[in-house]
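Working notes, structure below.
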Amino acid sequence: QVQLVESGGGLVQAGGSLRLSCAASGSIFSIDAMGWYRQAPGKERELVAAINRGGNTYYADSVVGRFTISRDNANNTLYLQMNSLKPEDTAMYSCAASRSDYLDPRIYEYEYWGQGTQVTVSS
C-alpha cells in the first residue's frame, strides 16, 4: 500500500503563487507515475499535471506555462508549483500515484490517492 499526504493549499489572491507538496510513504518502490488532480464544486475531476520516474510530464492546457510539476525521489515527495493563479484554479487538489509509467489515466488509472488540499484564489 501507498499513503499520500498533501499540504500547501490555502487562500491566495489572483496572480499569486502556491506550492503544493505530496509526501508518499509505504510501498513507494512500486510507484512510477504521480499526478495532481483537481475538482471544483459542480465540476468533474481533472488531471492537472503528471510526471513519471523517467521525467516525462503532462499538463492540462489550462495550466501550461503557469504550473510546474516536479518530484524528489530521494525524499518521496511530489510538488506542484502554481504561479499566476486565477480564480478558476480554485478547487480541491489531490495527489495520485500509479504503478505504471503511463501518465494518461485513460491507459492506466491512478491507484492511490491522497485526501486533498484546498486551493482558493480570490479575485
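Details
- All positions within region 73-94 that are in a helix (DSSP H, G or I) and in contact with a Leu (Cβ under 6 Å, 6 or more places away or on another chain): none
- Among (1) free of Cβ contacts under 8 Å to residues at least 40 places away in the same chain; (2) under 19 Å from residue 1 (Cα atoms); (3) crowded, with 21+ Cβ neighbours inside 10 Å; (4) of a type in the set (Gly, Ala, Ser) - the single one residue 94 does not satisfy: (1)
- Tally, over region 41-70, of residues that are of a type in the set (Phe, Trp, Tyr) and under 15 Å from residue 97 (Cα atoms): 1
- Restricting attention to region 95-120, the residues being in a loop (DSSP other than H, G, I, E, B) and not hydroxyl-bearing (Ser, Thr, Tyr) number 12.
- Test: residue in region 27-40 that is in contact with a helix residue (DSSP H, G or I) (Cβ under 8 Å, 6 or more places away or on another chain), β-branched (Val, Ile, Thr) and in contact (Cβ under 8 Å) with a residue 40 or more places away in the chain: no
- The strands (runs of 3 or more DSSP E) found wholly in region 1-72 and carrying at least 3 residues that are surrounded by fewer than 20 Cβ atoms within 10 Å (Cβ to Cβ) occupy 2-7, 10-13, 18-26, 57-59, 67-72.
- Just so you know, in region 106-123 the residues that are in contact with a Leu (Cβ under 8 Å, 6 or more places away or on another chain) and within 15 Å of residue 31 (Cβ to Cβ) include one that is least open to solvent (accessible area, probe 1.4 Å), and it is 114.
- Enumeration of residues in region 96-122 that are of a type outside the set (A, V, I, L, M), in contact with a strand residue (DSSP E or B) (Cβ under 8 Å, 6 or more places away or on another chain) and farther than 14 Å from residue 46 by Cβ: 98, 111, 112, 113, 114, 115, 117, 118, 120, 122
The values are calculated or read from the model by the stated rules, or taken from the named source; none is laboratory data. A quick note: this is a predicted structure, and the numbers were derived from the prediction, not measured. Every residue, glycine as well, gets a Cβ built from its backbone with ideal geometry; the counts of neighbours run over all protein chains shown. Accessible surface areas use protein heavy atoms only, side chains included; no ligands, DNA or RNA. Shrake-Rupley method; radii C 1.70, N 1.55, O 1.52, S 1.80 Å.
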